[in-house]
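Novice: The following block contains the structure, expressed as structure tokens.
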Amino acid sequence: DTEVTQTPKHLVMGMTNKKSLKCEQHMGHRAMYWYKQKAKKPPELMFVYSYEKLSINESVPSRFSPECPNSSLLNLHLHALQPEDSALYLCASSQAPGTKTYGYTFGSGTRLTVV
Amino acid sequence: QKEVEQNSGPLSVPEGAIASLNCTYSDRGSQSFFWYRQYSGKSPELIMFIYSNGDKEDGRFTAQLNKASQYVSLLIRDSQPSDSATYLCAVNSDSARQLTFGSGTQLTVLP
């Protein structure tokens, strides 16, 4: 079992819907990440939270809104998405950026389909 | 120029053979190097990491790092069909303060 838990595992939403993806980790990690992955492509970084503060936003459209309520939780709020936003959304966590042991632990992902 | 490059494959090897996966990177300040395995439809799973020049072995997996040549490789000995997956190379540099992923190499181990 992964130590990073993502819910839901699958989500189908219409273009006018509002939904949220959730991520939780209990490894004491202080950095958390959202990635988007399209089929046969590598993960593409969206957001980085370090010590619960947004440190990197990779020019993601405003229809994606991240939130980090505390050091264990990370949300991604979705609104007015487009069909091309359909993808696997991955949450990951790691020790704080800058430390040498910087491998990420990924959650199992949310398979999002926008219709 | 991509920061982390991998041969996209597909790479096919017979069962029991050694699979060799290669990765090159452009940032000389990179310090930590990771190999992730990703099965189709699943999330990436960390299988190896290496920080120092040379070899690091863990079971059937060996990671090799050559910082002077800026490459890192993964060898899988006695390959099994269950090793069939996409292998992602990831590199950490302090300047980027994040992992940078290569595009992945698809490996197929033929029974």
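Novice: How about segment A:1-31: which of its residues are among the β-branched types (Val, Ile, Thr) and surrounded by fewer than 16 Cβ atoms within 10 Å (Cβ to Cβ)?
Specialist: A:2, A:5, A:7, A:12, A:16
Novice: Only one residue in A:114, A:12, A:48 is in contact with a Gly (Cβ under 8 Å, 6 or more places away or on another chain), more than 28 Å from residue B:9 (Cα to Cα) and β-branched (Val, Ile, Thr), so which one is that?
Specialist: On inspection, the qualifying residue turns out to be A:114.
Novice: When you go through (1) among the polar types (S, T, N, Q); (2) within 13 Å of chain A (Cβ to nearest Cβ); (3) surrounded by fewer than 16 Cβ atoms within 10 Å (Cβ to Cβ) one by one for residue B:66, which number turns out not to apply?
Specialist: Against the list (1) among the polar types (S, T, N, Q); (2) within 13 Å of chain A (Cβ to nearest Cβ); (3) surrounded by fewer than 16 Cβ atoms within 10 Å (Cβ to Cβ), residue B:66 comes up short only on (2).
Novice: So which residues in segment B:15-51 are in contact with a strand residue (DSSP E or B) (Cβ under 7 Å, 6 or more places away or on another chain) and outside any strand (DSSP E or B)?
Specialist: Matches in segment B:15-51: B:15, B:18, B:27, B:29, B:39, B:43, B:44, B:51.
Novice: Further question on the same structure: More than 14 Å from chain A (Cβ to nearest Cβ), of a type in the set (Lys, Arg), open to solvent by 30 Å² or more (accessible area, probe 1.4 Å) and free of Cβ contacts under 8 Å to residues at least 60 places away in the same chain - does that describe any residue in segment B:87-108?
Specialist: No: zero hits.
Novice: Turning to a different aspect of this structure: Determine the pairs where a residue that is within 14 Å of chain B (Cβ to nearest Cβ), located within segment A:1-28, has a partner that is of a type in the set (A, V, I, L, M) with Cβ atoms under 6 Å apart, the partner being 6 or more residues away or on another chain.
Specialist: Partner pairs satisfying both residue conditions: A:3/A:27; A:21/A:76; A:23/A:74; A:25/A:4.
Novice: Out of segment A:86-107, which residues are part of a loop (DSSP other than H, G, I, E, B), more than 18 Å from residue B:31 (Cα to Cα) and modelled with pLDDT under 95?
Specialist: Correct list: empty.
Novice: Starting from segment A:62-79, keep only residues that are acidic (Asp, Glu), then list their pairs with residues that are open to solvent by less than 50 Å² (accessible area, probe 1.4 Å) and part of a strand (DSSP E or B) whose Cβ atoms are within a distance under 7 Å, requiring at least 6 positions of separation or different chains.
Specialist: If the second residue must be open to solvent by less than 50 Å² (accessible area, probe 1.4 Å) and part of a strand (DSSP E or B), the pairs left are A:67/A:75.
Novice: Which of (1) in contact with a Leu (Cβ under 7 Å, 6 or more places away or on another chain); (2) facing chain A (nearest Cβ under 10 Å); (3) of a type outside the set (Val, Ile, Thr) does residue B:83 not meet, given it meets every other one?
Specialist: (2)
Novice: Does segment B:23-46 hold any residues that are closer than 16 Å to residue B:84 by Cα and in contact (Cβ under 8 Å) with a residue 24 or more places away in the chain, and which are they?
Specialist: B:35, B:36, B:37, B:38, B:39, B:40, B:44 - these are the residues of segment B:23-46 that are closer than 16 Å to residue B:84 by Cα and in contact (Cβ under 8 Å) with a residue 24 or more places away in the chain.
Novice: Right, another one. Go through (1) of a type in the set (D, E, K, R); (2) touching a residue at least 12 places away in the same chain (Cβ under 8 Å); (3) farther than 21 Å from residue B:90 by Cα one by one and return the number of the condition residue A:38 breaks.
Specialist: Residue A:38 satisfies all of (1) of a type in the set (D, E, K, R); (2) touching a residue at least 12 places away in the same chain (Cβ under 8 Å); (3) farther than 21 Å from residue B:90 by Cα except (3).
Novice: Moving on. How many residues, within segment B:1-50, are of a type in the set (A, V, I, L, M), within 11 Å of chain A (Cβ to nearest Cβ) and open to solvent by 50 Å² or more (accessible area, probe 1.4 Å)?
Specialist: Of the residues in segment B:1-50, 1 are of a type in the set (A, V, I, L, M), within 11 Å of chain A (Cβ to nearest Cβ) and open to solvent by 50 Å² or more (accessible area, probe 1.4 Å).
The values are calculated or read from the model by the stated rules, or taken from the named source; none is laboratory data. Bear in mind that the values here come from a model prediction, so they are computed numbers and not experimental data. Every residue, glycine among them, receives a Cβ derived from its backbone with ideal geometry; neighbour counts consider all protein chains shown. With ligands, DNA and RNA removed, areas are computed over all heavy atoms of the protein, side chains included. Shrake-Rupley method; radii C 1.70, N 1.55, O 1.52, S 1.80 Å.
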